[in-house]
Structures are given as structure tokens and as C-alpha cells.
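The values are calculated or read from the model by the stated rules, or taken from the named source; none is laboratory data. As the structure is a prediction and not an experimental result, all values here were calculated from the model. Cβ coordinates were reconstructed from backbone atoms using ideal geometry, including for glycine residues, and neighbour counts include every protein chain displayed. Remember, those area values only see protein heavy atoms, side chains included, never the ligands or the DNA or RNA. Shrake-Rupley method; radii C 1.70, N 1.55, O 1.52, S 1.80 Å.
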Amino acid sequence: MNTRLVVFLSLVGLSLACLPVSAHHGAAAYDESKEVVLKNASVTKFTWANPHTIIEFDVRDDKGSLTHWAGELGSPSAISVQGWNKASIQTGDSLTIYIHQSKTGNPVGRISRVVLADGTQLRDSSGTSGRGGAAGAYDQSRGGDSK
């Protein structure tokens, strides 16, 4: 085979192999300008798996309406560096969850941190922890700023 053809086919193959990596979504779907605070979130499922760890939970608003949420975190290997493990969260745990909600307004988002019932804080690996701060945090249970 011609050397140029071999090099060309190798580059095409390498480019095609990299497509799934470039397709990863990042955080573009979430409103990074506002961090929603969800108090007394009751965990319904904790999935410790790649590519994202998922916490599913229910939250009641001040009118008593129940909303089921799903929040993603980094991979188990990434968040374990932040102190997480597969037993960090259990079904039925009551948490305070800081989350960047989907831009669509659906009850899904990227979790920046959780506070356990004993006050322990566990942060995500994404670097969004604390973004929004007090000025950008929205406390859904009180219908306003978290201050």
C-alpha cells in the first residue's frame, strides 16, 4: 500500500475513534448563574456508576407539593477524591442539595454539593461548587434567596 494512503487511513481512524469523547455534553444544559437550594430532600435512589453518579430525591415545596428530582455528579472516581463513597448516601436520607437546575426548568440538574443530616458537606468534582454563592442561590422551600 502507498505510505500516504496508510497515513491518511490511520488519521481518519484516529479521528473517528475520538468522536465519542468530543460528544460529551459538559454543563451547558444547566443554569450555572443560579444555584437552587433544596432543603429536606428525601433520597429515593443513589446510583454509584459511570459516567455520572446520580441522586434521585423528592422535595416538598411550602405548599406541600411533592416534586421528584434527579441530580448528577461526577464519576465515582472523580467524586471519591472529594470524600464520597458508595455508602455516602442511602435511600431515605434527608439532605440539603445545592443544584444548578436545567435551563428548561425541569427538575433535573448538576449537583454542586450536598449537606448530610449531620452537617457533613460533600462537594462535586466539576468545580461548580459554590458558584452562585449566597447572592446567586435560590431557596425553593422559601421562594427566595437563601440568605
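Tell me the residue from 127, 132, 136 that is modelled with pLDDT under 95 and either touching a Gly at 6+ places or on another chain (Cβ under 9 Å) or open to solvent by 40 Å² or more (accessible area, probe 1.4 Å) (or both), please.
Numbers: 132 fails: either touching a Gly at 6+ places or on another chain (Cβ under 9 Å) or open to solvent by 40 Å² or more (accessible area, probe 1.4 Å) (or both); 136 fails: either touching a Gly at 6+ places or on another chain (Cβ under 9 Å) or open to solvent by 40 Å² or more (accessible area, probe 1.4 Å) (or both).
Of the residues listed, the single one that is modelled with pLDDT under 95 and either touching a Gly at 6+ places or on another chain (Cβ under 9 Å) or open to solvent by 40 Å² or more (accessible area, probe 1.4 Å) (or both) is 127.
Are any of the residues in the range 77-87 under 20 Å from residue 42 (Cβ atoms), touching an Asp or Glu at 6+ places or on another chain (Cβ under 9 Å) and of a type outside the set (Phe, Trp, Tyr)?
No: the range 77-87 contains no residue that is under 20 Å from residue 42 (Cβ atoms), touching an Asp or Glu at 6+ places or on another chain (Cβ under 9 Å) and of a type outside the set (Phe, Trp, Tyr).
Within the range 64-85, identify whether any single residue is open to solvent by 30 Å² or more (accessible area, probe 1.4 Å), among the β-branched types (Val, Ile, Thr) and part of a strand (DSSP E or B), and answer yes or no.
yes
Can you pull out every residue in the range 105-129 that is touching a residue at least 40 places away in the same chain (Cβ under 8 Å) and of a type in the set (Val, Ile, Thr)? Let's see the steps before the verdict.
Quick first cut of the range 105-129, residues touching a residue at least 40 places away in the same chain (Cβ under 8 Å) only: 107, 109-112, 114, 122-126, 128.
Hits for the range 105-129 are 111, 114, 128.
Considering only the range 28-55, how many residues are of a type outside the set (Ser, Thr, Tyr), within 13 Å of the chain's Cα centre (by Cα), assigned to a strand (DSSP E or B) and buried (at least 16 other Cβ atoms within 10 Å of the Cβ)?
4
Please work out if residue 82 is in contact with a Lys or Arg (Cβ under 6 Å, 6 or more places away or on another chain) and either of a type in the set (Val, Ile, Thr) or without any contact (Cβ under 8 Å) to a residue 60 or more places away in the chain (or both). Give the steps one after another, and end with the answer.
Working: in contact with a Lys or Arg (Cβ under 6 Å, 6 or more places away or on another chain): yes; either of a type in the set (Val, Ile, Thr) or without any contact (Cβ under 8 Å) to a residue 60 or more places away in the chain (or both): yes.
Yes: the conditions hold for residue 82.
Can you say whether residue 22 is farther than 29 Å from residue 97 by Cα, under 27 Å from the mean Cα position of the chain (by Cα), hydroxyl-bearing (Ser, Thr, Tyr) and modelled with pLDDT under 65, as far as the supplied structure shows?
Working: farther than 29 Å from residue 97 by Cα: yes; under 27 Å from the mean Cα position of the chain (by Cα): yes; hydroxyl-bearing (Ser, Thr, Tyr): yes; modelled with pLDDT under 65: yes.
The answer is yes for residue 22.
Filter the range 86-128 down to residues that are part of a loop (DSSP other than H, G, I, E, B) and either of a type outside the set (A, V, I, L, M) or under 14 Å from residue 55 (Cβ atoms) (or both), then give me how many there are. I'd like the intermediate steps shown before the answer.
If we filter the range 86-128 for residues that are part of a loop (DSSP other than H, G, I, E, B), which is where we start, we get 86-93, 103-107, 116-120, 124-128.
The next check asks that each one be either of a type outside the set (A, V, I, L, M) or under 14 Å from residue 55 (Cβ atoms) (or both); those that pass are 86-93, 103-107, 116, 118-120, 124-128.
The number of residues fulfilling the criteria is 22.
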